[in-house]
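Bear in mind these aren't lab numbers, they're just calculated from the coordinates by the rules spelled out. Keep in mind that what you see is a predicted model, and the values were worked out from it rather than measured. Cβ sites come from the backbone with ideal geometry, for glycine too, and all protein chains shown count toward neighbours.
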Amino acid sequence: MSLAQRFCLHSLDLGPGLDTNCGGFHKNSTQRKIRRAERERLTYEEGRSEALVDTFDALLVRMRRGHHLPPHPRAWFSQLAKCLGNTMKIRVASKDGRPIASILTLSWKDVMVYKYGCSDERFHNLGGMHLLLWTAIQEATTDGCREFDLGRSDYDDLGLITFKDHWGAGRSELTYWRHPAPAVPTATTALAQRLAKFALARLPDRLLIATGDVFYKHIG
């Protein structure tokens, strides 16, 4: 057995209440963005309809392309909506009718989980993601949840870790062990990964989506 992966796990304790938690948000990076979303009059929609799955999927394809990665299969999110009922919600923020950000949350007992998120990078300054997370946190608190789980982040993804830190969430380490030990990456493997990302960034949407449908369980 050997250490396979380490992640940074963020969780926000909802026990102190909305006012206390909101006061702990980073003033410039989080509180200011929530106020900006309100000034921009972003609209909010939630549910699990096929139309919302389509909206989420379109934003996800755009974001994953920017990260040089194939998107998750749309069918995965459609099945989540059908199987999990009202414990799963897709939340969408829009500006003048144009969807600019979306998150997917799951609820289980007294925990709400921020599981997936995506956005249109051209509108990041409008605070769409901040509006969605703040709305979900308010809902979780009102529903009596004790925790808002912001999920795991790779330790080398400093931007995402900082984003979650700015919500006042506590950090812990999530460690994965594997038996037998995984193969040691080689220079050839690293080169193949770079070439794959180069190719994925240039595929048309139709082929990028097809790549995710076929290979996601292996490379996601």
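Matching residues to (1) within 15 Å of the chain's Cα centre (by Cα); (2) within 19 Å of residue 107 (Cα to Cα); (3) β-branched (Val, Ile, Thr):
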| residue | (1), (2), (3) |
| --- | --- |
| 122 | no, no, no |
| 126 | no, no, no |
| 133 | yes, yes, no |
| 140 | no, yes, no |
| 153 | yes, no, no |
| 168 | no, no, no |
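Please tell me if residue 99 is in contact with a Lys or Arg (Cβ under 9 Å, 6 or more places away or on another chain) and buried (at least 22 other Cβ atoms within 10 Å of the Cβ). Taking the combined requirement at face value, the residue does not satisfy it.
For segment 17-45, the candidate set comprises residues that are without any contact (Cβ under 8 Å) to a residue 60 or more places away in the chain and among the acidic types (Asp, Glu); within that set, the residue that is surrounded by the fewest Cβ atoms within 10 Å (Cβ to Cβ) is 19.
Is it the case that residue 91 is touching a residue at least 60 places away in the same chain (Cβ under 8 Å), surrounded by 14 or more Cβ atoms within 10 Å (Cβ to Cβ) and basic (Lys, Arg)?
No; evaluated as a whole, the condition is false for this residue.
Among the listed residues 14, 59, which satisfies the condition of being touching a residue at least 60 places away in the same chain (Cβ under 8 Å) and either farther than 25 Å from residue 94 by Cα or not aliphatic (A, V, I, L, M) (or both)? Of the residues listed, the single one that is touching a residue at least 60 places away in the same chain (Cβ under 8 Å) and either farther than 25 Å from residue 94 by Cα or not aliphatic (A, V, I, L, M) (or both) is 14. Among the residues making up segment 107-142, those that are charged (D, E, K, R), touching a residue at least 12 places away in the same chain (Cβ under 8 Å) and farther than 22 Å from residue 72 by Cα are 110, 139.
Checked across segment 47-59, the condition of being crowded, with 17+ Cβ neighbours inside 10 Å and in a strand (DSSP E or B) holds for no residue.
Against the list (1) buried (at least 19 other Cβ atoms within 10 Å of the Cβ); (2) polar (S, T, N, Q); (3) more than 19 Å from residue 71 (Cβ to Cβ), the condition residue 119 fails is (3). Scanning segment 108-157 for residues that are among the basic types (Lys, Arg) and either closer than 24 Å to residue 19 by Cα or in contact with a strand residue (DSSP E or B) (Cβ under 7 Å, 6 or more places away or on another chain) (or both) turns up 109, 115, 146, 152.
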